[in-house]
Amino acid sequence: MTEVKHQRFKHVRIYKYENVIDHYLYEDFQTHFRMSRSSIGLLIKLCEASHTPKLNIGRPQVSVKLQCLICIWVLANQESYRSIEERFDVSKRTVFVCLMRRCKLINTRNSIFITWPQGRDAHSVIESSRRKKSFPGVLGAIDGCHIAICPPKTNAFTYINRKNRASMMLQAVIFQCSKLSRMCNESNYFPEESHLLGDSAYLLSNRLITPFPDNGHLSQNKWRRLNYLEFNIITNYPIVISAACMLHNFCQRQGEELSYE
């Protein structure tokens, strides 16, 4: 009996695509990554500061820069993992690992990306709202949106929304389960007699004025991957969704334009 040995072939992929990215025009870079080159550079530095190099065993480790580029590309586009692996010359497994590893790190830095406005920041928000909307004392607005997901096989019915589609609720659930609901009744979080605006999904309170109609400003236009998420493990959904929210704030702090086609 003859033993047949299978020769392992390397799949043909784009070689050193990150070098092509380095030569993108500003507009092209922002279109593909939904972030500016400078913002991604700051994100890479943040990730490098928390990176622990592994021992030089086995295959070469994917650089932190490439991990960040892959993670942001996945969030910014609805391209399949198969296409992304060819683009960045890595396996589909590596694409997933890069996404989750960077998203988990961003979640551990939530105090950097998401903060309650205080002092001068709070005053600036209130004045900006007054000038733009002619409504006094608005510290912010609260809303919710459905992120379409592939439901888990177990208890899939619990993720079906009123439109009979599987989704995960962003922000509304967080509001009810976190300290934010208690903060809406504590004046020290609301300088200058300020308040939040919300639609009819929220209860009226001392610092939350309802109902204001949902104007649809909370959208997934920036991170197109949020139009539909698919994971085998249900706990991966909130990790990616919250990381996308933090990156949204991060871009806003860098003065980036948040409206995308």
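Give LYS92/LYS153; LYS133/LYS222; LYS104/LYS153; LYS163/LYS222; LYS45/LYS153; LYS132/LYS163 a once-over and call out the pairs whose C-alpha atoms are over 27 Å from each other.
Numbers: LYS92/LYS153 23 Å; LYS133/LYS222 23 Å; LYS104/LYS153 24 Å; LYS163/LYS222 24 Å; LYS45/LYS153 39 Å; LYS132/LYS163 34 Å.
Where the Cα-Cα span goes over 27 Å, the pairs concerned are LYS45/LYS153; LYS132/LYS163.
How far apart, in nm, are the 7 Å Cα→Cβ label points at SER38 and ILE14?
2.6
Taking the Cα centre of the range 80-166 as the origin and placing charges on Cβ (Lys, Arg +1; Asp, Glu -1), which of TYR159, PHE135, PRO117 is farthest toward the positive end of the dipole?
Checking the options against the dipole of the range 80-166, the answer is TYR159.
HN-Hα J couplings of the range 63-70 from phi, Karplus 6.51/-1.76/1.60, θ = phi - 60°, integer Hz, Gly and Pro as x?
Each residue of the range 63-70 in turn: 5, 4, 4, 5, 4, 5, 4, 5 Hz.
What does the net charge come to around LYS16 if you take all other residues with beta carbon closer than 14 Å to its beta carbon, with K and R at +1 and D and E at -1?
Numbers: positive: ARG13, LYS65, ARG87; negative: GLU18, ASP22, GLU86, ASP89.
Local charge sum for LYS16: -1.
So for the range 17-110, what are the equivalent ellipsoid semi-axes in whole Å, largest first, each being the square root of 5 times an eigenvalue of the Cα gyration tensor? If you can, show how the numbers build up before the last one.
Working: eigenvalues 80, 57, 34 Å².
They are 20, 17, 13 Å, listed from largest to smallest.
Work out the FRET efficiency for LYS104 and THR210 from their Cβ-Cβ distance, taking R0 = 25 Å, and round it to the nearest 0.05. Provide the component values of the computation, followed by the final result.
Numbers: r = 34 Å, r/R0 = 1.38.
The value I calculate is 0.15.
Read phi for every residue in the range 222-236 and hand back ³J(HN,Hα) as whole Hz from Karplus 6.51 cos²θ - 1.76 cosθ + 1.60, θ = phi - 60°, with x for Gly and Pro.
So the Karplus estimates, Gly and Pro as x, are 6, 9, 5, 4, 6, 5, 6, 10, 9, 9, 7, 10, 5, 6, 6 Hz.
Give a residue-ordered list of calculated ³J(HN,Hα) values for the range 86-97 (Karplus: 6.51 cos²θ - 1.76 cosθ + 1.60, θ = phi - 60°; whole Hz; x for Gly, Pro).
After applying 6.51 cos²θ - 1.76 cosθ + 1.60, I find 5, 5, 9, 6, 9, 7, 4, 4, 5, 4, 5, 4 Hz.
Under a crude label model (7 Å from the Cα following the beta-carbon direction), how far is PHE231 from SER128 in nanometres?
With each label placed 7 Å out from Cα toward Cβ, I get 2.9 nm.
Please go through the range 99-170 and write out the trypsin sites (Lys or Arg not before Pro) that DSSP classes as loop and that have at most 13 other C-beta atoms within 10 Å. Display every interim value, and only then the final one.
Details: sites: ARG101, ARG102, LYS104, ARG109, ARG120, ARG130, ARG131, LYS132, LYS133, LYS153, ARG162, LYS163, ARG165; in loops: ARG109, LYS153, ARG162, LYS163, ARG165.
Passing both the DSSP loop test and the Cβ count: LYS153, ARG162, LYS163, ARG165.
Using modelled amide H (1.01 Å from N, peptide plane; none on Pro or chain starts), what sits under 5 Å from the amide H of GLY140, excluding residues fewer than 5 places away?
It is HIS195, LEU197, by chain and number.
Quick note: the coordinates plus some simple rules give every number you see, no bench work behind them. Please read these numbers as outputs of a predicted model, since none were measured by experiment. Counting neighbours? That spans all protein chains shown, and the Cβs are built from the backbone with ideal geometry, glycine included.
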